[in-house]
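These notes are about the structure you will find just below.
Just so it is clear, none of the values below were taken in a lab; they were calculated from the coordinates. Given the structure is predicted, the values throughout are model-derived calculations rather than measurements. Please note: Cβ atoms are built from the backbone with ideal geometry, for glycine as well, and neighbour counts cover all protein chains shown.
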Amino acid sequence: MSSVGNPTVNPEVGAKPNYLQNGHTVASWLLTKDHKRIAILYLISVSVFFLLGGLAASMIRMELVTPTGLMMTSDFYNRIFTAHGVIMIFFFLIPAIPAVLGNFLIPLMIGARDLAFPRLNLLSWYFYIGGGLLGLSAILTGGVDTGWTFYTPYSSMYSNSQVMLTILGAFVAGFSSIFTGINFIVTIHKMRAPGMTWFRLPLYVWSHYATSIIIVLGTPVVAITLLLVGVERVFHIGIFSPELGGDPVLFQHLFWFYSHPAVYIMILPAMGVISELFACFSRKRVFGYHFVVFSSMAIAGLGFLVWGHHMFVSTQSMYQGLIFSFLSYLVAIPSAIKVFNWTATMFRGSIRFQTPFIYALGFIGLFVVGGLTGLYLASMSTNVHLTDTYFVVAHFHYVMVGGTIMGFLGGLHFWWPKMTGRMFSDYWGKLAAMITFVGFNLTFLPQFILGYLGMPRRYHLYKFAPEFQIWHILSSAGAAALALGFLIPAVYLTLSLFNGKKASANPWGAKGLEWTIQSPPLTENFEEPPIVTEPAYNYDPEEAELEEDEEAESEEPVGARA
Amino acid sequence: MSVKADPVYHQFEDIEQQNESYIVGMWVFLVTEIMFFGALFLAYVVYRWNFQHTFYEAHKLLDVKLGTFNTVVLLTSSLSMALSVHFAQLKKRWHQLACLGATMGLAGIFLIVKFFEWKAKFEHHLVPGPGFQWHGDAPANQAQMFFNLYFAMTGLHAIHVVIGILVIGVLALLTFKKHPLVESFVPNEMVGLYWHFVDIVWIFLFPLFYLIPV
């Protein structure tokens, strides 16, 4: 399994090369079946897409500074916000946490040597890249102007843009996430180490299990739906166009049947990360472990029953709307259970304010705002007023950016030492996390007000309402701060690869199987197959207090204990 | 992609864990397939509900005899597939190969019949699109919707039959060569699960398109 000992290997790390040292050729990366290397491939590729989506976002924010649209034509603006949405949703938010951190951590957390189907895992990355290249080629050859939702009949009959290429890109990327979902479900069912019972699984694994169920049930539906739009567009035979006897609202039903649960595909893995962070940095077992488990599963289940709240102003019947409204309120319950349990975890914990935990606290603040404003939108009467306004934009950015990206960055910082074997600067980390939090609120709080006042989404001209301008300027200023908050980690994390301190096996003092092995791990993960004898998050409260005393005496940062 | 003599891949502890993982993986894949077809079935339900009379009128233009024949053909192919798994468990390799061959042959017959059915629709201008011609009393665009769904659903099903023939072919070839990958019966069982799924889809398609009551 392992190659002959490499003379350059650090003697501290041991005789065997770790997974990063095990082969240095391009082929050893591009043809790897190691889940850890595939995670790194995904990390690089989703970061590139995040950068591209962020560039589109910054163009949107610059354009909105003035009410008269100085920079771009309306048609160009349509293409820019569509590019932002398509890239961020299909090529960043959906794969970000499962494909990067999930791929890396699930086998480590359950004590397996790899995922059940390593080749399928590699194939999923190639599908992701294929879909991403199709999407990018659509943007480079003129872009798409339908919005990321591809509503028919505009997308299937009238739009004069690269709808076909974009749809194909989303279709192919969809299969990439289906492959990941199948792999996770089988791995979690069949590959757990001896003693790793279902209720000893870290909550991170549970949240990925729930996510995988949504992926497996939802993604095929949007795949066939997008395929039907494509067929309708190319061959003029279809089932959505009213001219052909079809019902365009059927498209909305099928689209949101996936795309609402997709929101939970994006947020559930982030919730898993947050559970890990709260337990580790409070040195306590997550409060109400079973409740958090079941709330993940409840979100996965209920998530499939609420899609109609995207369609309150379509031709959907009012009674149907009432039921969807009620079910949407129900989703708030498991989400709230999680938030309360995380905050209760901190109670009497031994709290350490290190970078990942700052992100976790930021997550709570932003997710609560995002979740509560969701209730405004789930109620039919306010929804009619707020539909397609900036209120909606602000709401889902609070959940998607405030939730998912804070979770992603928190998790990335938390497991960065494990993935790369290097520590990053805690000072810059905390600073960036706080800049992100402030910049985020400055960007999106004004958008709630804008939306409430009636600014529609997807417009770039508002010259008849010049009073909106101040809010747009605030929002754009916040976007600049937010961009800074994302760029700083990119710099110091990259630098840490070259001059970061060597990370010990467990720099945060966390529990969990992934912290019992060296950083970075060996290719085969565990030298001896682990046997699990204790529940997850088995922190000893007394030990935590001791550690705290020691820390007070020596001012040394935790990372230096290596 | 080196295939080692050891049939257990490095990530598994033993052959049982590997086989169970394969079977669970196959079932989860079939769930995604059900959802894939599910969207089309939902569309069918919506339009059948809205255009009941037209769907009844349009379905008369399908050939029930050919549809019934094809149903029998596919059900028989499921039997031969089930038998191939049985023989694989008993390690009767030639019996197994004969059953796999029969399954492929029956699937081929299904596709040939399907080809002539579709060909007739093209000749009668019943293919949706600009050339669609409809002479019945019911509205033409509703009738077109029936044929839209007919071609979309039987077409997607036919693609699955073609994939099935290819996969069974590969399995038969590996079995013929006594390849270590197919030493256990599990690969045959996985292909069998897929094939039965393809059959079950047809069992729903047949009454929905050919047997619409007044």
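Tabulated values for the structure
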quantity: Per-residue [θ]222 nm for chain A (sum of -39500 (n - 2.57) over DSSP H runs n ≥ 4, rounded to 500); calculated: -21000 deg cm²/dmol
quantity: Residues listed by number, the range A:515-529, amide nitrogen under 16 Å from B:HIS10 label point at 7 Å toward C-beta; calculated: A:521-529
quantity: Rounded to whole Hz, the Karplus (6.51, -1.76, 1.60) HN-Hα couplings of the range B:19-35, x for glycine and proline; calculated: 5, 4, 4, 4, 5, 4, x, 5, 5, 5, 4, 5, 4, 5, 5, 4, 5
quantity: Fully extended contour minus Cα-Cα distance, from A:LEU30 to A:LYS502, at 0.36 nm per residue; calculated: 167.3 nm
quantity: A:THR389 long-range amide H proximity, modeled H, under 5 Å; calculated: A:ARG457
quantity: Shielding by other protein chains, A:235-246, mean Cβ within 10 Å; calculated: 6
quantity: Amide H partners (placed H, <5 Å) of A:ARG422, local residues excluded; calculated: A:ALA503
quantity: Ranked list, fewest to most other Cβ atoms within 10 Å of each Cβ, for B:PHE209, B:PHE41; calculated: B:PHE41, B:PHE209
quantity: Value at 222 nm in deg cm²/dmol, rounded to 500, when DSSP H runs of n ≥ 4 in chain B each add -39,500 (n - 2.57); calculated: -27500 deg cm²/dmol
quantity: Reachable lysines, given that their alpha-carbon falls under 22 Å from the alpha-carbon of B:LYS121 and they are not under 8 places away in the same chain; calculated: B:LYS60, B:LYS65
quantity: Three-way shape label, the protein assembly as shown, alpha-carbon gyration tensor, a/c 1.5; calculated: oblate
quantity: Among B:SER78, B:SER21, B:SER184: highest mean-square fluctuation, GNM of chain B, C-alpha pairs under 10 Å; calculated: B:SER21
quantity: Contour excess over end-to-end distance, with Cα ends at B:VAL167 and B:ASN50 and 0.36 nm allotted per residue; calculated: 38.2 nm
quantity: Shape category assigned to the range B:112-198 from the gyration tensor of Cα positions, a/c cut at 1.5; calculated: prolate
quantity: At R0 = 45 Å, FRET efficiency that the Cβ-Cβ distance of A:HIS189 and A:LEU495 yields, to 0.05; calculated: 0.65
quantity: Average other protein chain Cβ within 10 Å of Cβ, residues B:26-36; calculated: 6
quantity: Cross-link pairs B:LYS92/B:LYS114; A:LYS190/A:LYS502; A:LYS33/A:LYS418; B:LYS114/B:LYS177; A:LYS16/A:LYS284; A:LYS36/A:LYS284 - those with Cα-Cα distance over 25 Å; calculated: B:LYS92/B:LYS114; A:LYS190/A:LYS502; B:LYS114/B:LYS177; A:LYS16/A:LYS284; A:LYS36/A:LYS284
quantity: Extension reserve of the A:TYR158-A:ILE470 stretch, reckoned as 0.36 nm per residue once the Cα distance is removed; calculated: 108.8 nm
quantity: Backbone HN-Hα couplings from phi across the range A:103-120 [Karplus 6.51/-1.76/1.60, Hz, Gly and Pro as x]; calculated: 4, 5, 9, 4, x, 5, 6, 9, x, 10, 7, 6, 5, 5, 10, x, 5, 4
quantity: Ordering of A:488-496, A:237-245 by packing [mean C-beta count within 10 Å, highest first]; calculated: A:237-245, A:488-496
quantity: Inter-label distance for B:GLN17 and B:HIS196, nm, one decimal - labels placed 7 Å from Cα along Cα-to-Cβ; calculated: 2.7
quantity: Loop-located trypsin sites (Lys or Arg not before Pro) in the range B:1-61 whose Cβ has at most 12 other Cβ within 10 Å (DSSP); calculated: B:LYS4, B:LYS60
quantity: Residue exposure sequence - A:ILE333, A:ILE167, A:ILE97 - by fewest surrounding Cβ within 10 Å; calculated: A:ILE333, A:ILE167, A:ILE97
quantity: Integer Hz, Karplus 6.51/-1.76/1.60 couplings in order for the range A:225-242, x for Gly and Pro; calculated: 5, 5, 4, 5, 4, x, 4, 5, 6, 7, 9, 6, 10, x, 10, 10, 6, x
quantity: Length-normalised contact order for chain B - Cα pairs under 8 Å, 6+ apart - percent; calculated: 32
quantity: Highest-fluctuation residue, B:THR103, B:THR32, B:THR68 considered, GNM on chain B with Cα pairs under 10 Å; calculated: B:THR32
quantity: Degrees, to the nearest 10: A:469-499 long Cα axis against longest axis of chain A; calculated: 30
quantity: Label-point separation, A:ASN538 to A:HIS236 (7 Å along Cα→Cβ), nm; calculated: 7.0
quantity: Contact order relative to length of the range A:174-313, as percent, for alpha carbon pairs under 8 angstrom and 6 or more apart; calculated: 30
quantity: Rounded, prolate or oblate (a/c below 1.5 giving rounded, otherwise prolate when a/b exceeds b/c) for the range B:20-70 by Cα gyration tensor; calculated: oblate
quantity: Relative contact order (%) - criterion: Cα under 8 Å, at least six apart; region: chain A; calculated: 17
quantity: Ascending count of other beta-carbon atoms within 10 Å, so fewest first, for B:HIS10, A:HIS310; calculated: B:HIS10, A:HIS310
quantity: B:PHE204/A:TYR427 FRET efficiency (R0 60 Å; Cβ-Cβ; nearest 0.05); calculated: 0.45
quantity: Ranked packing of B:159-170, A:472-483, most packed first, by mean Cβ within 10 Å; calculated: A:472-483, B:159-170
quantity: Taking N as its residue count, the alpha carbon Rg of the range B:15-210 over 2.2 N^0.38 Å; calculated: 1.18
quantity: Inter-site label distance for A:PHE347 and B:ALA98 at 7 Å from Cα along Cβ, in nm; calculated: 7.3
quantity: Gaussian network model of chain B, springs between alpha carbon atoms under 10 Å - residue of B:VAL127, B:VAL24, B:VAL64 with greatest fluctuation; calculated: B:VAL24
